[in-house]
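Structure, as structure tokens:
Just so it is clear, none of the values below were taken in a lab; they were calculated from the coordinates. Since we're looking at a predicted model, the values are computed, not measured. Positions of Cβ are generated from backbone atoms using ideal geometry, with glycine treated the same way; all protein chains shown enter the neighbour counts.
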Amino acid sequence: MIDQKQTNKLCLRWKGKQRRIGITGGIASGKTMIGDFLSQSKQWPILDADIYAHEALKTGSQISQKVLLRYGSRIIQNSNKNDQSINRKILAQIVFQNDIEKKWLEEIIHPFVNARIDEELEKLKSNSEVILIIPLLFEKNYTNLCSEICYIDCSRSMQLQRLQSRGQLSLEEANQRIDAQWENDLKKQFSDHIINNSNNNEKWKMQLKKLYNF
């Protein structure tokens, strides 16, 4: 359960002139696909928190060095001493099996992601609309960055199917990824719009066209 203070935070919205459309949803719900479609259809710029999280772990970055110091050679992509790139799949296995490690990693990555979002929003301040794809929008209190929040709804069975298909994950691993996020019903409760993407069809396109008038 969440308390009143947290409820108030989840209800916060951006009040500036710029229209900021936050797109979120459970893992493997189709956020990137839907965000890209909306961006291409409306010619609105798009900021993706996942891209910045990947930047944070790029080879040679300060954050990647901290991660390598903590986990050692077991997370190095290959045995080449000149290539210290991180094997993200192994890193994910570590953090999704241990809440302490997950929290540690998030605490060093999310400040970087926050800074990158702020940096890109500053560059786009003259744009009238911007799309923000933020998987942990509610969990990490990004609601006040968005003038509206569009939640991509997806059944758990479809999430599991997509996760196992795209990430070659076991059923247990796929369930761990889903359970690491807040319950879908809670996030839907605090969203402004719901787009259903529980089936492998394109009905979501019609929902977006109706919602954003195109």
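Assorted remarks:
- Of all the options GLU106, GLU173, GLU122, the one that moves most in a Gaussian network model of the chain with Cα springs shorter than 10 angstrom is GLU122.
- Theoretical gain in end-to-end length, ASN201 to TRP182 [0.36 nm per residue, Cα-Cα removed]: 4.3 nm
- The chain: C-alpha gyration tensor shape, a/c 1.5 cut-off, then a/b vs b/c: prolate
- Amide hydrogen neighbours beyond the local backbone of ARG19, cut-off 5 Å, H modeled: GLU129, VAL130
- Here the Karplus relation 6.51 cos²θ - 1.76 cosθ + 1.60, evaluated at θ = phi - 60°, turns the backbone of region 160-165 into coupling constants of 4, 4, 5, 4, 5, 6 Hz, with x for every Gly and Pro.
- Top of ASN201, ASN141, ASN175 by mean-square fluctuation, Gaussian network on the chain, Cα under 10 Å: ASN201
- Karplus-derived HN-Hα couplings along region 138-155 (A = 6.51, B = -1.76, C = 1.60, θ = phi - 60°), whole Hz, x at Gly and Pro: 7, 4, 10, 6, 9, 4, 6, 8, 10, 7, 8, 10, 10, 9, 8, 8, 7, 5
- Where trypsin sites (Lys or Arg not before Pro) in DSSP loops with at most 11 other Cβ within 10 Å are excluded, longest remaining stretch of the chain: 126-214
- Karplus-based coupling profile of region 107-114, in residue order and whole Hz: 5, 9, 8, 5, x, 5, 4, 4, with θ = phi - 60° in 6.51 cos²θ - 1.76 cosθ + 1.60 and x standing for Gly or Pro.
- Rg(Cα)/(2.2 N^0.38 Å) for region 51-126, N = residue count: 1.21
- Taking amide H atoms as placed 1.01 Å from N in the peptide plane, the amide H of ILE76 lies under 5 Å from those of ASN87, each 5 or more residues away in sequence or on another chain.
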